[in-house]
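Inspection log for the structure reproduced underneath, given as structure tokens.
The values are calculated or read from the model by the stated rules, or taken from the named source; none is laboratory data. Keep in mind that this is a model prediction, so the values were computed, not measured. Cβ placement follows ideal geometry from the backbone for every residue including glycine, while neighbour counts extend to all protein chains displayed. Side chains are part of the model used for accessible areas, which takes the heavy atoms of the whole protein and leaves out ligands, DNA and RNA. Shrake-Rupley method; radii C 1.70, N 1.55, O 1.52, S 1.80 Å.
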Amino acid sequence: MLRYAIKRIGSLAISLIVASLVIFACIEVIPGDPASFMLGINAQPDTVAALREELGLNASLAARYLSWVTGMLSGDFGTSYTYRTPVAEIIGERLWLSLPLALIALGLTVLIAFPVGILAATKRGSWADMSVMGATQLGIAIPNFWFAMLMVLLFAINLRWFSAGGFPGWENPLAALKALTLPAIALALPQASILARVMRSALLDTLSEDYIRTCRAKGLTQRQALWRHALRNAMIPVLTIIGLQFSFLLAGAIIIENVFYLPGLGRLVFQAISQRDLIMVESVVFLLVFAVIMVNFAVDLAYAWVDPRLRGRS
């Protein structure tokens, strides 16, 4: 297992290097000058040139890339062009909202999808299975931002159980969790629908294997065969989807954050792009890519733990 992990760490390092090059190159080719944007269309050329020099925009692309990468290795993401404060501080503030939101949404996804998917697989062809498949199809079809607005209308405006938006901070944990409840549910609904269908499909494939029939022939009940053998072997595709979903929940919540006026990483990226804050965009996008790669690394290790045969193939 240790040798398998070391090989995966090597692949992870190469992926991060390639990702940093791609992110830097893609963002630098975006048209528009940050200094001109910050000073406005009536700014004098010498003023723009002075600001470009102050921001380090006159350096070569290679020098700026090396400065950005070496700074990140030491924890220094640079200084925001717009806010004139360290990027790491701004990201840290926003991450304390986006990360708990993603984790809560993922927890809700798993809590909903696992029992629903297992129920549908064990009751294949029954009314329970058809009800689950219909509900999950509806959950996938409904846009999460539309569902979010419906929840705001019902629970915030009509019933007044929750606030319509905003985030009070973590000084009061209960109030903070309450503010994240509706956004987390809106994010979790389509993801739980997808995961439940994957769980059902994976379990049905596993339950049809010969070794499951052998277990049943030796006297195990369907429940015992399911929990002792089938469920673990069906987890590989499920783990893949969970890894992808966490990455999406962390990086793809821009619309939900805007619906609920949450100051998370999604809104930060959107604002930085509109303000031409290149160093902010590069750092946040790289952080999100790093999170995705690390999740995939954890999923690879989970694969090897679930199925030891994979350790010998790498």
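Go through region 13-21 residue by residue and turn each phi into a ³J(HN,Hα) via Karplus (6.51, -1.76, 1.60, θ = phi - 60°); whole Hz please, and just put x for glycine and proline.
Taking θ as phi minus 60°, the curve returns 4, 4, 4, 5, 5, 4, 4, 5, 5 Hz for region 13-21.
For S67, S98, write out the residues from largest to smallest accessible area, computed with a 1.4 angstrom probe and no ligands counted.
Heavy-atom accessible area, descending, gives S67, S98.
What accessible area per residue, rounded to a whole number of Å², is obtained for the chain using a probe radius of 1.4 Å?
Values: 16730 Å² over 314 residues.
Computed with neighbouring chains in place, this is 53 Å² per residue.
When the chain is modelled as a GNM with alpha-carbon springs shorter than 10 Å, which of A121, A186, A43 fluctuates the most?
Result for the chain, Cα springs under 10 Å: A43 fluctuates most.
Can you put L287, L150 in order of accessible area, largest first, using a 1.4 Å probe?
Details: L287 40, L150 75 Å².
Correct descending sequence by accessible area is L150, L287.
Can you give me the angle between helix 278-306 and the longest principal axis of the chain, using Cα atoms only, in degrees from 0 to 90, rounded to the nearest 10?
With both axes taken from Cα atoms, the answer is about 20 degrees.
Tell me the angle of helix 87-122 to the major Cα principal axis of the chain, expressed in degrees between 0 and 90 and rounded to the nearest ten.
Computed tilt is about 20 degrees.
In whole Hz, what ³J(HN,Hα) sequence does region 214-224 give by Karplus (6.51, -1.76, 1.60; θ = phi - 60°), x for Gly and Pro?
After applying 6.51 cos²θ - 1.76 cosθ + 1.60, I find 5, 4, 5, 5, 7, x, 6, 6, 4, 5, 5 Hz.
Run the simple label-point estimate for L220 and T85 please: 7 Å along Cα→C-beta, distance reported in nm.
5.6 nm
Can you tell me the 0 to 90 degree angle between the C-alpha axis of helix 265-274 and the longest principal axis of the chain, rounded to 10?
So the helix axis and the longest Cα principal axis differ by about 40 degrees.
Using amide H atoms built 1.01 Å from N in the peptide plane, name the residues 5+ places from T79, or on other chains, whose amide H lies under 5 Å from its own.
V87
Points 7 angstrom from Cα along the Cβ direction at D210 and F145: gap in nanometres?
5.2 nm
Note down the magnitude of the dipole of the chain about its Cα centre, charges +1 on Lys and Arg C-beta and -1 on Asp and Glu C-beta and zero elsewhere, to the nearest 20 debye.
For the chain, the charge dipole is close to 1800 debye.
Can you work out the FRET efficiency for the pair W96 and W161, with r the C-beta to C-beta distance and R0 = 22 Å, to the nearest 0.05?
That pair, W96 with W161, gives E of 0.35.
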